[in-house]
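Single-structure report; data block below.
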Amino acid sequence: MKTLKTLTRPLTLAFGWAWAFWAAALYYSRQYAIRLMLDRNLFDLITIKGNRQAAMVHLLFVIGLFGPLLAFVFADRKLEESSSSGKVNSALILRALSAPVIIVLPALLFSALFRYANFAQAGANLVKIPLFFVSSLLTYSAGELCWQGRLYHLLKHKFSLFKLSMILGFIRMLWYLPVAVFLYLDFDKHSNMPDLL
């Protein structure tokens, strides 16, 4: 019971904020007959020109993604167990930040070697990479701050690693459930129900 009480504030913030904005986005997308694009980020909204209703619908959806970030910022930190060292591991941060470069570098090399890609607009595309990174960090990746940065520390001494993984996975699945439902609203419900489950 005490564990559930410690989770109430962060989960209420994360779910309440996200689901309220997602419900509004779904409602207005139905009102204006706009197909809700779930892969939009903050900077994609700039590309929606001339259709204010579409921009509003997608802005509502993107704002909903900030729910876990709010939960991370405003949840009570006193309840968390302090880390063993209290120090930030700079080598681990460097590895995490270098992973996208290491993943993309071979593709760029092969594209250049076999003249597959057009590098004429490389400068413009390089500007998009940090913009996308910042946008993803503030929206889709912000959930990890809450799930791993807050809830994990609240629960790590109460459950085994397997149980903790199942609990956090279930919470994450519940948070994304409306998005999964949105994907199948315009299709035959019976044929897509196994995929949704």
Residue 177-residue 4 FRET efficiency (beta carbon distance; Förster radius 22 Å; 0.05 resolution): 0.65
Spatial separation of Cα centroids for the range 1-67 and the range 161-180, in angstrom: 19
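Using a Förster distance of 22 angstrom, determine the FRET efficiency expected from the C-beta separation of residue 90 and residue 144, and round it to 0.05. Walk me through the intermediate numbers first.
Values: r = 19 Å, r/R0 = 0.87.
E(calc), rounded to 0.05, equals 0.70.
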Placed amide H near residue 48: partners under 5 Å, 5+ positions off or other chain: none
Computed FRET value (nearest 0.05) for residue 74 with residue 152, which takes r as the C-beta separation and R₀ as 22 Å: 0.80
In sequence order, calculated HN-Hα J values of the range 22-27 (Karplus, 6.51, -1.76, 1.60; Hz; x Gly/Pro): 5, 5, 5, 4, 5, 4
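We did not get these values from a lab; they are worked out from the coordinates using the rules stated. Every value quoted in this text rests on a predicted model; they were computed, and no experiment measured them. Quick reminder, even Gly has a Cβ in these numbers, built from the backbone with ideal geometry, and neighbours come from all protein chains shown.
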